[in-house]
1. With springs only between Cα atoms under 10 Å, which of 44, 268, 76 fluctuates most in a Gaussian network model of the chain?
2. How far apart, in nanometres, would the label points at residue 69 and residue 360 be if each is projected 7 angstrom from Cα along the Cα-to-Cβ direction?
3. Quick check on my link table: of 26/197; 38/72; 38/224; 224/348; 197/242, which ones sit more than 23 Å apart, alpha carbon to alpha carbon?
4. For the range 142-361, what class follows from the C-alpha gyration tensor (a ≥ b ≥ c being the square roots of its eigenvalues): rounded when a/c is under 1.5, otherwise prolate if a/b is larger than b/c, else oblate?
5. How much area per residue is accessible in the chain when the probe is 1.4 Å and only protein heavy atoms are counted (Å²)?
6. Tally the DSSP beta bridges in the range 142-361 and give the antiparallel ones as a percent, rounded to 5.
7. Could you give the dipole magnitude of the chain about its Cα centre, charging the beta-carbon of Lys and Arg +1 and that of Asp and Glu -1, in debye to the nearest 20?
8. So what is the relative contact order for the chain, in percent, with contacts set as C-alpha pairs under 8 Å and at least six apart?
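The values are calculated or read from the model by the stated rules, or taken from the named source; none is laboratory data. Here the structure is a predicted model, which means the values were calculated and not measured. Neighbour counts are summed over all protein chains in view; Cβ atoms, including those assigned to glycine, are modelled from backbone coordinates with ideal geometry. The protein model used for the area step is the full one, side chains on, heavy atoms only, and it has no ligands, DNA or RNA in it. Shrake-Rupley method; radii C 1.70, N 1.55, O 1.52, S 1.80 Å.
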Amino acid sequence: MSLQSIKYQRGSLEILDQLLLPVVSKYLPVRGVEDGWKVINKMQVRGAPAIAIVGCLSLAVEIYPEEFSSKKSLRQEIEGKLNYLVSARPTAVNMKISADELITLANELTKDDAITVEEMKQRFLKATEAMLEKDIADNRAIGANGAKAILEHVAEATGVATAGPVRVLTHCNTGSLATAGYGTALGVVRNLSELGKLEHVYCTETRPYNQGARLTAYELVHEKLPATLVLDSMVAALLRVKNVAAVVVGADRVAANGDTANKIGTYQIAVVAKHHGVPFYVAAPLTSIDLEIPSGDHIIIEVRPDREMTHVGEHRIAAPGINCWNPAFDVTPASLITGIITEHGVFKPEALKVEITKLLEL
Ligand SMILES: CSC[C@H]1O[C@H](OP(=O)(O)O)[C@H](O)[C@@H]1O
């Protein structure tokens with residue numbers, strides 16, 4: 001059984017079909033952009049960073065064997081196909097940010113008379129391929145920064161010099177199955193474990209797609225981490241009786257003021273964490289932070305098919321004819337977020353825009 005969500009070599013891309021996990025581990029070929037759009041839209045691959053990487057690599061495998069008559073035609077192909085891929089799922093910003101960066105690269109190479117059309121294609125392929133290793137490196141940095149921040153917060157809150165092993169709660173799936181590897185919020189959990197500082201991790205089932213029950217639990221059991229699955233409805237009771245030291249979740253789009261769109265259910269977990277005085281952290285690479293939108297009010301929330309709620313596989317679990325509301329995400333206001341964990345450090349929401357702007361100007 002594999003935890004590798006993406007398998008790529010130049011000219012070939014496969015994704016682990018996450019709709020079949022954890023029962024069946026099956027890889028699907030992605031032969032081009034149309035396949036890429038479909039596997040993202042159907043959530044056969046999901047997770048903000050993985051969406052961007054699979055989307056961009058689907059274009060890489062499509063143009064790899066092609067000959068282009070001019071740099072202009074290659075640039076037009078790159079721009080048109082990347083903008084199409086952005087439409088596969090609207091909430092996560094990673095695909096949009098990656099598309100904009102690669103289109104900027106294509107424009108720069110088009111203008112550079114010293115670059116041939118074949119050299120331009122090779123430079124584009126290398127730029128998309130670099131996303132894989134960069135994502136893993138970013139996630140390892142997020143893991144280390146997040147574990148340090150949580151342990152420091154707990155030490156200060158409990159008046160000890162060094163915090164002992166801690167219990168944490170996470171939501172949805174933010175691990176190797178949502179990224180190129182190691183994960184964001186689950187990367188923080190992995191780093192705590194590597195430090196010998198993970199007493200226990202609780203993961204929510206995360207209805208209706210069940211990313212927690214099917215994917216996060218799968219990753220945690222696979223790595224033999226001390227973990228317990230809880231229902232989404234159990235979070236308040238869990239925080240009241242189980243001495244959870246911190247909550248750490250992922251992000252699909254963080255606005256400039258720190259408001260964060262993440263899997264549906266995140267907002268209510270943040271409210272419950274506030275009530276119980278439990279610090280609430282968001283783990284997000286810079287590729288999930290959208291400084292172009294001022295607040296979470298501007299984030300488009302994807303609404304998915306009713307069937308995801310009314311059925312588990314082919315088995316109907318809801319009364320025929322009932323209306324459904326199935327937003328895939330909600331927005332947690334910055335006021336409920338203790339810190340935003342990035343590969344460059346952990347930032348207070350109110351400091352995010354200034355700090356990220358400084359980083360981007362470097
Ligand atoms: C590092 S994954 C970020 C984010 O993506 C997941 O959503 P989905 O499974 O619908 O793609 C979830 O919101 C994770 O927190």
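1. 76
2. For residue 69 paired with residue 360, the spin-label model returns 3.8 nm.
3. Working: 26/197 34 Å; 38/72 27 Å; 38/224 33 Å; 224/348 33 Å; 197/242 17 Å.
From 26/197; 38/72; 38/224; 224/348; 197/242, over 23 Å: 26/197; 38/72; 38/224; 224/348.
4. Oblate shape, in that a/c is at least 1.5 and b/c is the bigger or equal ratio.
5. Working: 15630 Å² over 362 residues.
The answer is 43 Å² per residue.
6. On the way: 12 of 31 bridges.
Given both bridge residues lie in the range 142-361, the antiparallel proportion sits at roughly 40 percent.
7. 860
8. Here the relative contact order equals 16 percent.
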